[in-house]
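Engineer: One structure, as structure tokens, below. Some questions next.
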Amino acid sequence: MSSPKFPTFPSIDFSALDLGKLPQIEIPRVDVAAVTGAVKDAGYITVGLAVLAAQKAQVKRQELKKSLAGQVGDSRSQMAEIVDGLEAGLASLDHRLVAIEAKVDAAVEGIEKRLPDRAGELLGQVHEVAKVARQQVRNLINPAA
């Protein structure tokens, strides 16, 4: 296998070049301490603005929390008033029903005594079933009663 042949490149001779004839380029002097200080200042300003933004967001969050707590508190107190009103109404209704039931019980017992024995027993049994059913309904509506 033969080795590849590469083209030859022309050579340039820089030995006759006079560098004194080239124009002088002055590189500006950079104050590294000033640049470092400016970068630090920019970093501190950025961090300071971020801290201020976070504090402002936290203040807004606290204000919103207080506002919502006030609204929820008002709603809770209104709901408590409504529930208290309903409970008072149910208690009043329950007292009235107990009074009416006592009158009905007395009337049924009076009728039961006047009926023949077998009819009186049957009416008594039906009345007891109705009392149990009324008590079960009352317990469903107001378990504390």
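Each row is one residue, and each column tells you yes or no for (1) exposed (fewer than 10 other Cβ atoms within 10 Å of the Cβ); (2) farther than 30 Å from V137 by Cβ.
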{"position": "P4", "(1), (2)": "yes, yes"}
{"position": "L19", "(1), (2)": "yes, yes"}
{"position": "E26", "(1), (2)": "yes, yes"}
{"position": "A34", "(1), (2)": "yes, yes"}
{"position": "S67", "(1), (2)": "no, yes"}
{"position": "A88", "(1), (2)": "no, no"}
{"position": "V98", "(1), (2)": "no, no"}
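Engineer: Just a yes or no: is a residue in the range 29-37 modelled with pLDDT of 85 or more, of a type outside the set (A, V, I, L, M, F, W, C) and part of a helix (DSSP H, G or I)?
Structural biologist: The answer is yes; a qualifying residue exists.
Engineer: So which pairs qualify, if the first residue must be in the range 97-117 and touching a residue at least 12 places away in the same chain (Cβ under 8 Å) and within 14 Å of Q135 (Cα to Cα), the second must be of a type in the set (D, E, K, R) and surrounded by 10 or more Cβ atoms within 10 Å (Cβ to Cβ), the Cβ gap must be under 7 Å, and the two must be at least 6 apart or on different chains?
Structural biologist: E101/R134
Engineer: Then there is this: Quick check on the range 106-128. Is at least one of its residues under 54 Å from the mean Cα position of the chain (by Cα), in a helix (DSSP H, G or I) and small (G, A, S)?
Structural biologist: The answer is no, given that none of the residues of the range 106-128 is under 54 Å from the mean Cα position of the chain (by Cα), in a helix (DSSP H, G or I) and small (G, A, S).
The values are calculated or read from the model by the stated rules, or taken from the named source; none is laboratory data. On a predicted model such as this, the values are computed, not experimentally measured, just so you know. Every residue, glycine as well, gets a Cβ built from its backbone with ideal geometry; the counts of neighbours run over all protein chains shown.
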